[in-house]
1. Considering only DSSP beta bridges where both residues belong to the chain, give the percentage that are antiparallel (nearest 5).
2. Report Rg(Cα)/(2.2 N^0.38 Å) for region 179-247, keeping two decimals.
3. State which stretch of the chain is the longest one without any exposed trypsin sites (Lys or Arg not before Pro), exposure meaning a DSSP loop state and at most 13 other Cβ atoms within 10 Å.
4. For SER98 paired with THR232, estimate the spin-label separation in nm (one decimal), with each label point 7 Å from Cα along the Cα-to-Cβ line.
5. Starting from the Cα gyration tensor of region 149-202, take the square roots of the eigenvalues, sort them a ≥ b ≥ c, and report rounded, prolate or oblate (rounded when a/c is under 1.5, otherwise prolate if a/b is larger than b/c, else oblate).
6. Averaging over every viewing direction, what projected area does the convex hull of the Cα atoms of the chain cover, in nm²?
7. Would you kindly find the accessible area of VAL7, with a 1.4 Å probe and non-protein molecules such as ligands, DNA and RNA excluded, rounding to the nearest 10 Å²?
8. Can you work out the accessible area per residue across region 1-131, with the rest of the protein chains kept in place, probe 1.4 Å, in square angstrom?
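The values are calculated or read from the model by the stated rules, or taken from the named source; none is laboratory data. None of the values given here were measured: they were computed from a predicted structure. Here the Cβ positions follow ideal geometry from the backbone for every residue, glycine too, while neighbour counts run over all protein chains shown. The accessibility values were calculated without ligands, DNA or RNA, using every heavy atom of the protein model including side chains. Shrake-Rupley method; radii C 1.70, N 1.55, O 1.52, S 1.80 Å.
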Amino acid sequence: MPTRAIVKNNRRWKVDNQDAAFWDRVENDSWEPHTFSIFDRFLDAEHSYLDVGAWIGPTVLYGAFLARHCYAMEPDPLAYSRLRENVELNASIKNRISLSTQCLASTCGPVRLGNKTSSIGGDSMSSLLFADGQVNWQVEGVTLERFFLDNHICDCSFIKMDIEGAEFDVLPAIAGYLAEHRPTLYLSLHPRFLAEPESKTAAIKKVLEGYRHVYTTELQPSRAEILCDPTTFQWCYELIFSDLNCF
């Protein structure tokens, strides 16, 4: 198995080089440089964080240097296999990473995950929203509360969620947890995948409008109202919801 070392912001880890083109983008800052800055700002060694939609591990491997522990969820079987291989290559941080094949969902039990852009999956585009895709799998769904109970997590201060449109179903189900515990939420939003985004964006705005601050990926102030702005309905974009003041 060919491997390579990745160096990002003075942190170094190893990966399986079968995804060489992607890891090139990580190193040359053409893949989400803002994400690493956001992790630098919000993760700390006293708290754990949850990575929902971990894919092959760029945020997991970076975040493990910053947080007390990383809990990573990736239900796509091919992506999970590559994620696990990458974690195993890093003896210095792998004990601070827990991996799960479970899929964050609104209920516990079997759910169907699908992919419409790949014949085998693994391309970061698998979602509950695509259960009728050309490839799909039955996976184990789990609620956020059940996942935290099962893994004895009581110190989560940050959740990264990138689940290709399924956030519109999952977020209302975790509203109670967010309201009580107030973790910073780094959320990827995909309204363009929805046939009728108006009602679903309104529902998640209601879930998230209690946060004191909304930030863009450049950590500039924004507002929860952007979620219901029709000009965003054809986008995929990211926002940060937090009670922490970045200024």
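1. Bridges in the chain are about 55 percent antiparallel.
2. In units of the globular-protein estimate, region 179-247 measures up at 1.08.
3. 1-211
4. So the two model labels end up 3.2 nm from each other.
5. Prolate.
6. 12.7
7. 80
8. That works out to 42 Å² for each residue.
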